[in-house]
Amino acid sequence: MTALSVSTSSAASLRADALVIGVAKGPKGIVPAPGAEAVNEAFEGKLAEVLTTLGATGAEGEAVKVPSPAGLKAALVLAVGLGEAAEDGYGLEALRRAAGVAARTLAGTKKAALALPAESADEVEAVALGGLLGSYAFGTYKADGNGKEPVGELVVLAPRKGSKDAKAAVERAVAVGEEMNRARDLVNTAPNDLNPKSFAAIAQAAGKEHGLKVEVLDEKALTKGGFGGLLGVGGGSANPPRLVKVAYTHPKAKATLAFVGKGITYDSGGISLKPAGHNETMKCDMAGAAAVFAAVVAAKRLGLAVNVTGWLALAENMPSGTATRPGDVLRMYGGKTVEVLNTDAEGRLVLADAIVRAGEENPDVIVDVATLTGAMVMALGNRTFGVMSNNDELRETLHAIAGEAGEQSWPMPLPADLRKGMTESTIADLSNMGERMGGGLVAGLFLKEFVAEGATWAHLDIAGPAFHEGAPFGYTPKGGTASAVRTLVRYAEQTAAAKA
Ligand code: BES
Ligand code: MN
Ligand code: ZN
């Protein structure tokens, strides 16, 4: 794993293989960003000219390498684009992305120094987090460990004033970044290796390492408890379901948050089998559970003064002679009955059980995270998750928090008229399908049925952003992205601060 540190050394004097600077797009051409002063001096003030000659424009995503002139200890200068030049500082997301581009470009390098704009602690944190996320590589199955080694060491250069804050900022970035990379590893692990049982075992081991309380309900305990949703979805698989509870408590906590994650370790669709072309990436269907687990561990590592309970609803959705049939009726945890009309609408079934169970402990807020519907991807695209809630303020808060943390989201409604379609089963309380139009909202309305009376709940549908299939960009690699982790962590931070 890439080591991260902060230094108040000057950019010119730090010994490293590469020195990273930021450049932006100004009205009259390329503009070196704060942090690049020493490099510009070493180029005798001609840095912009040199980079322009090499074709640089300062656009976001751009990375241009130049051999260092005399006067710099690093052999190489890497200029990364920050987009439009800004008078009043660059946005944190631009810094994260630029640092991510630098880390990806420098894979194979031993040590790199990041001389990007880093005046404030927030900026230092953004540069550090982007660097750590951009260094991510998943090498488990490749003979050569997935090509070049990730950059070995990243040093964030920060000004001398506020160096204590800078150190704390880097520590925060390391906690969040490492946990995001843990979530990415879980998502990227092949579904023949990650099943409900092995996921639960990983959660137990990591929970023990970090001093968290982890409880696992296996198929026997689930049967005894009457968890019909988890058992119905997991019934077709040779790998039985699990419900994992991960608890972080703080002695000074004044609030308790429950995070519930969809953990379908593989979604074949079940008897309502998905056609080829729709199942190749369905190992990502546990990304909600991965995000929840990572967020709870991060909350612990950050020592937040709030209680956070994670619920991982783990099952493998497979077709077989023991699988749930379209037409079957499941008795869910808590007693409601559901007619399963389509076994591919399985996420809402495992979540329903977990939401009811989470509600029994009377948390202040429940937030579930799920790769729930293709309809949400249709609505919002591949990079934005939908936020639904039975509480307008919570929905707006989560949307705002996501943006601050660098995650794209959008508030979505839960229109009452869409409920009707799910209540027309002639034999059960509900069916797991409703109107086709607005399918992402229908799924949200289904979950709402399982939220305890008076409880505050939100639902994040991350089906779009959870798994990235295009070319890497910024700090986002191909595969698992750790979508929603930062939003959950920031929400826990904000709750801790508000109640302090
Ligand atoms: N896991 C899928 C949703 C999904 C789609 C996740 C694309 C990631 C990318 C979910 O279980 C599913 O199959 N949903 C169905 C629901 C339908 C049958 C009501 C869908 O969206 O088509
Ligand atoms: Mn499905
Ligand atoms: Zn699914």
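The values are calculated or read from the model by the stated rules, or taken from the named source; none is laboratory data. Every value quoted in this text rests on a predicted model; they were computed, and no experiment measured them. A quick note on method: Cβ atoms are made from the backbone with ideal geometry, for glycine too, and the neighbour counts reach across all protein chains shown. Areas reflect the complete protein model, heavy atoms only, side chains present, ligands, DNA and RNA absent. Shrake-Rupley method; radii C 1.70, N 1.55, O 1.52, S 1.80 Å.
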Positions within the stretch 258-290 being within 17 Å of residue 484 (Cα to Cα) and charged (D, E, K, R), in sequence order: 262, 285
Matching residues in the stretch 130-171 - criterion: being within 22 Å of the chain's Cα centre (by Cα), within 24 Å of residue 15 (Cβ to Cβ) and in a helix (DSSP H, G or I): 130, 131, 132, 134, 169, 170, 171
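Without any contact (Cβ under 8 Å) to a residue 60 or more places away in the chain and open to solvent by less than 10 Å² (accessible area, probe 1.4 Å): which single residue out of 243, 222, 257 fits that description?
Numbers: 243 fails: without any contact (Cβ under 8 Å) to a residue 60 or more places away in the chain; 257 fails: without any contact (Cβ under 8 Å) to a residue 60 or more places away in the chain.
Testing whether each residue is without any contact (Cβ under 8 Å) to a residue 60 or more places away in the chain and open to solvent by less than 10 Å² (accessible area, probe 1.4 Å) leaves just 222.
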Single condition residue 286 does not satisfy, out of (1) surrounded by 24 or more Cβ atoms within 10 Å (Cβ to Cβ); (2) within 14 Å of ligand 1 (Cβ to nearest atom); (3) more than 30 Å from residue 178 (Cβ to Cβ): (3)
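Return the only residue of 425, 483 being over 28 Å from residue 361 (Cα atoms) and assigned to a loop (DSSP other than H, G, I, E, B).
Values: 483 fails: over 28 Å from residue 361 (Cα atoms).
None of the other options fit; the residue is 425.
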Selection status of residue 455, in contact with a helix residue (DSSP H, G or I) (Cβ under 6 Å, 6 or more places away or on another chain), surrounded by fewer than 20 Cβ atoms within 10 Å (Cβ to Cβ) and farther than 26 Å from residue 284 by Cβ: yes
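Quick check on the stretch 271-278. Is at least one of its residues within 12 Å of ligand 2 (Cβ to nearest atom), over 17 Å from residue 212 (Cβ atoms) and of a type in the set (D, E, K, R)? Break it down stepwise before answering.
As a first pass, look at the stretch 271-278 and keep what is within 12 Å of ligand 2 (Cβ to nearest atom): 271-274, 278.
Right, trim to over 17 Å from residue 212 (Cβ atoms) and you get 271-274, 278.
Then drop every residue that is not of a type in the set (D, E, K, R), which leaves 274.
Checked against the condition, which is being within 12 Å of ligand 2 (Cβ to nearest atom), over 17 Å from residue 212 (Cβ atoms) and of a type in the set (D, E, K, R), the stretch 271-278 yields at least one hit.
Give the stretch 35-55 a look and list any residue that's of a type in the set (A, V, I, L, M, F, W, C) and surrounded by 15 or more Cβ atoms within 10 Å (Cβ to Cβ), or say none. Steps first, please.
From the stretch 35-55, those of a type in the set (A, V, I, L, M, F, W, C) are 36, 38-39, 42-43, 47-48, 50-51, 54; that's our starting set.
Result: 36, 38, 39, 42, 43, 47, 48, 50, 51.
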Residue within the stretch 127-148 that is touching a residue at least 12 places away in the same chain (Cβ under 8 Å) and acidic (Asp, Glu) present: no
Breaking point among (1) crowded, with 21+ Cβ neighbours inside 10 Å; (2) in a loop (DSSP other than H, G, I, E, B), for residue 276: (1)
Subset of the stretch 372-392 (residues that are of a type in the set (Gly, Ala, Ser) and under 11 Å from residue 411 (Cα atoms)): 386, 389
For residue 366: the one exception among (1) of a type outside the set (S, T, N, Q); (2) away from ligand 3 (no atom under 14 Å from the Cβ); (3) more than 30 Å from residue 498 (Cα to Cα): (3)
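When residues of the stretch 341-373 are filtered for being within 15 Å of ligand 2 (Cβ to nearest atom), open to solvent by 30 Å² or more (accessible area, probe 1.4 Å) and not aliphatic (A, V, I, L, M), how many remain? Break it down stepwise before answering.
First, pick out the residues of the stretch 341-373 that are within 15 Å of ligand 2 (Cβ to nearest atom): 341-352, 370-373.
Okay, now just the ones that are also open to solvent by 30 Å² or more (accessible area, probe 1.4 Å), so 341-342, 344.
This time we only want the ones that are not aliphatic (A, V, I, L, M), so: 342, 344.
Total satisfying the criteria: 2.
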Condition met for residue 376 (surrounded by 15 or more Cβ atoms within 10 Å (Cβ to Cβ), within 16 Å of ligand 2 (Cβ to nearest atom) and either over 21 Å from residue 289 (Cβ atoms) or among the hydrophobic types (A, V, I, L, M, F, W, C) (or both)): yes
Count - residues of the stretch 289-335 that are part of a strand (DSSP E or B) and open to solvent by less than 40 Å² (accessible area, probe 1.4 Å): 12
